[in-house]
Every structure is written in C-alpha cells, then in structure tokens.
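These notes concern the structure reproduced below.
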Amino acid sequence: MRIAGTVGDSIVDGPGLRFAVFVQGCSHHCPGCQNPHTHDPAGGHEVDPESLFSMLDDPLLDGLTLSGGEPLEQPEACTELARAARERGLNVWVYTGYTFETLLDQADPARLELLRSADVLVDGPFLLEERSLDVPWRGSRNQRLLDLPQSLERGCAVLWVDPRVDRLAQFTPPDT
Ligand code: SF4
C-alpha cells in the first residue's frame with residue numbers, strides 16, 4: 001500500500017479520536033486541494049497494511065479514517081485496514097473524490113468491498129466555489145456524510161446521522 005503518511009491522534013477527520021491514514025495517489029486533481037503532495041501515485045512510501053494494525057490497538061481511539069489521496073484507488077489494502085479496525089470495535093470513515101452514485105455505477109468489486117467494510121463515506125470532490133468552514137469534517141458544501149450500510153442496502157445515498165446529535169434530540173430534561 002502506498003501512503004503519504006498517518007496521524008495517530010486526529011480530531012479533524014471524523015468524530016472522536018481517530019487513526020488517520022493518508023493514501024498516496026489521487027487522479028481527481030481538485031483545484032484548491034489541501035493535499036496536492038498526495039496526488040502523485042509514485043510519491044509517498046510503501047507500507048504493508050499489516051504493519052499499521054498495531055496502531056489501531058490504542059484504547060483511546062474511536063475510529064479509523066482513510067483519506068488521501070484517493071483511498072478508492074487502493075481499495076484492497078484499504079479494505080484490509082478497515083476490516084482490522086472493525087475487528088477492534090472501531091468505526092471506519094472513508095474520504096473519496098468520487099460520488100457514491102459514481103461508485104455504484106462503476107460496480108468495481110474491490111471498491112464495493114471497501115464500501116461494505118466501512119461505516120461512513122465522505123463523498124464528492126473538493127469544489128473551491130463551495131468551500132466552507134461550516135460543514136464539519138468536510139472542505140466544501142457539495143461533500144456529503146453518507147451512512148454506508150444504509151446507502152448500500154437501499155441502493156441510494158442515505159445521509160449519516162451523528163448518533164451523538166440524535167441522542168441529544170431525543171433527550172427530555174427531567175421535570176424540576
Ligand atoms: S479528491 Fe481529495 S485529495 Fe484528491 S484532489 Fe480532490 S481534495 Fe485533493
């Protein structure tokens with residue numbers, strides 16, 4: 001697997017504390033991309049996905065984030081990591097410049113397997129004209145947070161609902 005790097009304690013690539021892997025290589029070349037050094041598929045360095053498994057054993061972690069670069073361009077290795085994270089009880093977020101609909105249309109078995117091995121897909125290219133600081137965990141307003149199990153089951157994009165926000169909405173304060 002070719003990666004640009006990792007961050008062991010990210011708090012900006014999804015909810016909670018996360019192990020983030022920045023995959024090397026991206027063919028989207030979104031104007032204004034924050035990580036242009038990750039575009040060259042020959043850049044970064046090679047790692048064996050198994051060599052990263054031990055990083056997932058940190059008991060403080062909430063999840064694994066696969067970002068880039070374009071994780072869907074190295075789907076087999078990313079699936080290995082995603083499965084290892086889930087075996088440890090971690091949730092898995094995947095960032096991609098593709099839309100969910102495009103990935104469904106492509107019907108690439110390895111890419112679909114990665115989607116099946118993850119919980120949330122942050123989809124769509126970064127669009128400079130849609131750039132915003134008001135959309136958590138994303139760079140531009142067109143990008144969506146998708147509930148992958150639900151989206152795959154229904155065959156259409158289903159937005160992810162943050163369970164912490166859901167719990168707050170259902171909270172009824174006790175009578176005083
Ligand atoms: S998909 Fe992500 S990494 Fe690739 S060019 Fe777009 S913003 Fe950059």
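Bear in mind these aren't lab numbers, they're just calculated from the coordinates by the rules spelled out. Remember, it's a predicted structure, so these values are computed and weren't measured experimentally. Cβ: placed from backbone, ideal geometry, glycine included. Neighbour counts: every protein chain shown.
Structure notes:
- Per-residue ellipticity at 222 nm from helix content only, as computed over the chain with -39500 (n - 2.57) for each DSSP H run of at least four residues, stands at -7000 deg cm²/dmol.
- Centre separation in Å (Cα based) which lies between the range 140-155 and the range 19-44: 22
- Estimated at 0.36 nm per residue, the fully extended path between residue 40 and residue 172 surpasses their Cα-Cα distance by 42.4 nm.
- In the range 2-170, the DSSP beta bridges split such that about 50 percent are antiparallel, to the nearest 5.
- Max mean-square fluctuation residue, GNM over the chain, Cα-Cα springs under 10 Å, options 111, 18, 131: 131
- Between 22, 53, 100, the GNM of the chain built on Cα springs shorter than 10 angstrom shows 53 fluctuating the most.
- Burial ranking of peptide ranges 137-150, 74-87, 26-39 (average Cβ count within 10 Å, highest at the top): 74-87, 137-150, 26-39
- Dipole of the range 1-81 computed with +1 at Lys/Arg Cβ and -1 at Asp/Glu Cβ about the Cα centre; of 36, 64, 23, farthest Cα towards the positive end is 36.
- Ranked for footprinting exposure by Cβ neighbours inside 10 Å, fewest first, 114, 90, 133 give 133, 90, 114.
- This ranking places 92, 161 by how few other beta-carbon atoms lie within 10 Å of each, fewest first, which gives 161, 92.
- Couplings 3J(HN,Hα) of the range 57-63, computed from phi: 7, 5, x, 7, 6, 9, x Hz, in residue order, whole Hz [Karplus 6.51 cos²θ - 1.76 cosθ + 1.60, θ = phi - 60°; x for Gly and Pro].
- Here the label points at residue 157 and residue 108, each 7 Å from Cα along the C-beta direction, are separated by 1.9 nm in the simple model.
- Net charge in the neighbourhood of residue 27 (other residues with Cβ under 13 Å of its Cβ; Lys, Arg +1, Asp, Glu -1) is -3.
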